[in-house]
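Heads up, the thing below is written out as structure tokens.
The values are calculated or read from the model by the stated rules, or taken from the named source; none is laboratory data. The model shown is predicted, which means the values in this text are computed figures rather than measured ones. Surface areas here come from the heavy atoms of the whole protein model, side chains and all, with no ligands, DNA or RNA. Shrake-Rupley method; radii C 1.70, N 1.55, O 1.52, S 1.80 Å.
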Amino acid sequence: AEPAPDDFVPVEKEPYTDLGEVQRKLVYPPMAVKQGLEGKVLIRVLVGKDGRPRRALIDQSVASSLDEAAKSAVLASVFTPAIQNNTPVDCWVTIPVVFKLR
């Protein structure tokens, strides 16, 4: 059974992904650009034993358009799974996604 978002899973290694890679997958919604929306969205993601993101929840919201874009970028990313007793396990991890207009 997969862990609930608030379950503590004791792991030696947290799931990992390159945050730069997540940022590169980010599609800034045109309407958000027009409105000048910026901020940090925190996404809690369930990373499977295979390193694939299974589910994502919004932990900290900026605006629904940015939240959805952040969620898509995280779900499109590949992770190194969490390790518990030298075995990959399902584990939740929180990923910050930053929206900044240049």
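Counted residue by residue at 0.36 nm each, then reduced by the alpha carbon distance between them, the extension gain from K49 to S61 reaches 1.6 nm. In order along the range 31-45, phi translates into HN-Hα couplings of 5, 5, 5, 4, 7, x, 6, 9, x, 10, 9, 9, 10, 9, 10 Hz, rounded to whole numbers, per the Karplus curve 6.51 cos²θ - 1.76 cosθ + 1.60 with θ = phi - 60° and x for Gly and Pro.
Three principal axis extents of the chain based on alpha-carbon atoms, in descending order, are 48, 23, 17 Å. Against the chain, whose longest principal axis comes from its Cα atoms, helix 64-75 is set at around 40 degrees.
Here the chain has 53 percent of its accessible surface on carbon and sulfur atoms, given a 1.4 Å probe and all protein chains in place. Our analysis of the range 46-102 gives Rg over Rh at 1.05, with the two radii drawn from alpha carbon positions and Rh computed by the Kirkwood formula.
Solvent-accessible surface of the range 1-71, taken per residue with a 1.4 Å probe and all protein chains present: 62 Å².
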